[in-house]
Amino acid sequence: MVDNIKASQCLLCLARGRRHCLCPDCLRDLPWLGRACTGCALPLPETAADHRAGHDNDEDRCQDCRLNAPPWQSVSALFRYEFPVDRLISAFKYHGRLALADAFGSLLADQLPPSWRPDLLLPVPLHEHRLRQRGYHQTALLAGVMARRLGSASDWRGLRRLRDTAMQKTLDPQARLANLSEAFAWQGGTLAGRHVMLVDDVMTTGATLRTLTLPLLAAGAASVRIAVIARTLPP
Ligand SMILES: [Zn+2]
Ligand SMILES: [Zn+2]
């Protein structure tokens, strides 16, 4: 991805005169996730059943999620976190390719079954010093695009990141959870009866999303769902 790319070019093949930043051919060739567990977004075998029907039932859950249900109602993910989606997400997060907010946000919104549509979209918060460094909040942009498309509200200030959790990768799972506990707080008032959706770029273990879901449920959210651009698959 070169730096002086024009707004009317496809980010992947540089085809010109495009209205969107990804041309239809490149979009089709991306590593789409396909049928996946509604609890953890790991792939499930394809079946004849329509996996976009939006049922919250056991058939759409993997063995692990049936035994040990996550605190959220569902996860929607567009892609496997693989080339070139990994590059696109890093271009979006770190290199100011903000047109990707429109592309990914519209795709995520359009993929949601009607019964999963939230009242309120909440981006996973950035720590304030990262926001200052980067100058933009990529998941807030994504949530904003989704909100406009779905006719929902979005709020990027209610969830607060109390500590920087950037060092997560160096910790074992137990230490990760300890490090994350109380790293987030909901400060946006009651969520009583509201259907909430957390928006993030990549879901890896789900530990961060789990820690974010609990304060929302404690604030009265009727349901919490997750939407992410991509899901990391185990090796
Ligand atoms: Zn292209
Ligand atoms: Zn699962």
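Just a few scattered comments:
- Per-pair calculated FRET efficiency, R0 = 22 Å: ARG149 and ALA69 via Cβ, rounded to 0.05: 0.15
- The calculated FRET efficiency for HIS127 paired with THR47, based on their beta-carbon distance and R0 = 35 Å, is about 0.25.
- Approximate spin-label separation ASP86-ALA192, in nm, with each point projected 7 Å along Cα-to-Cβ: 4.7 nm
- HIS95-CYS13 pseudo-label distance in nm [points 7 Å out on the Cα-to-Cβ vector]: 1.9 nm
Any read-out appearing in this document is the output of simple, stated calculations on the displayed coordinates, not a laboratory observation. The shown structure was predicted, so the numbers you read here are calculated from the model rather than taken from an experiment. Quick reminder, even Gly has a Cβ in these numbers, built from the backbone with ideal geometry, and neighbours come from all protein chains shown.
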